[in-house]
Amino acid sequence: MMMREVVIRPGRVEDLEQAADLVVRLKRLNEEFDPILKVSSDAVEKARGYIREALGDDRKLLLVAEAGGKVVGLLKADITVRDFYEPKTEGAIREFYILPEHRRKRLGEEMVLEATKHLRDKGAWIITAEFPTQNIIAVNFYKKLGFRSIISLHATTLPITAERQEGGQS
């Protein structure tokens, strides 16, 4: 069976529905890694707005991988300013998802390398990636590409007690 050619390109308005679908798939996958990442009931509509905003903002990057007229992968990144660190400009990969049937074919690596080029053109000289800590596949993927952990984000769903709310004590 011959593989269809996959093209990596900037996202377009006509990609909105398929791109939003991939964002929601990613969020549902994240929920599998950690239930604190429970997907909201309005995730589809939020994803549409999120993609629409990314398409209209020069400080954001939306790349899609297309095969046979279908969006099979998505990478969304933001340009952010690191006020206290050098280099000042960061390219932060916020969303990255490839349909399962297109994984393990170097498409992920190609998409990250293409994103890196675009982000460097926008002035970002440090590239970061955001994903659930428990996603060992993502950890190993990014390590293979030379990424390393630099910040840990910890969360709880424990209730805040009334005395903590009133007194501001921890």
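The values are calculated or read from the model by the stated rules, or taken from the named source; none is laboratory data. Bear in mind the structure is a predicted one, so any value in this text is a computation, not a measurement. Note that each Cβ is placed from the backbone with ideal geometry, even for glycine, and that neighbours are counted across all protein chains shown.
The residue that is nearest to Ile79 (Cα to Cα), among those in region 40-69 that are of a type in the set (Val, Ile, Thr) and buried (at least 18 other Cβ atoms within 10 Å of the Cβ), is Ile51. Taking the listed residues Ala115, Ala65, Ala92, the one that is part of a strand (DSSP E or B), in contact with a strand residue (DSSP E or B) (Cβ under 6 Å, 6 or more places away or on another chain) and under 23 Å from Ile151 (Cβ atoms) is Ala92, with no other qualifying. Against the criterion of being outside any strand (DSSP E or B), closer than 29 Å to Ala155 by Cα and of a type in the set (D, E, K, R), Glu86 qualifies. Of the listed requirements (1) over 26 Å from Val6 (Cβ atoms); (2) at pLDDT 95 or above, Thr157 misses just one: (2). Beta carbons closer than 6 Å, at least 6 apart along the sequence or on distinct chains, pair a first residue in region 56-73 that is of a type outside the set (S, T, N, Q) with a second that is surrounded by 22 or more Cβ atoms within 10 Å (Cβ to Cβ) and assigned to a loop (DSSP other than H, G, I, E, B) for Leu62/Gly11; Val64/Gly11.
Within the set Thr133, Thr80, the sole residue that is among the hydroxyl-bearing types (Ser, Thr, Tyr), part of a loop (DSSP other than H, G, I, E, B) and within 16 Å of the chain's Cα centre (by Cα) turns out to be Thr133. A single member of Val44, Val23, Val71 is at pLDDT 95 or above and assigned to a strand (DSSP E or B), and it is Val71. Across region 90-140, the qualifying residues are those that are without any contact (Cβ under 8 Å) to a residue 60 or more places away in the chain, among the acidic types (Asp, Glu) and within 17 Å of Ala54 (Cβ to Cβ), and the one among them that is surrounded by the most Cβ atoms within 10 Å (Cβ to Cβ) is Glu90.
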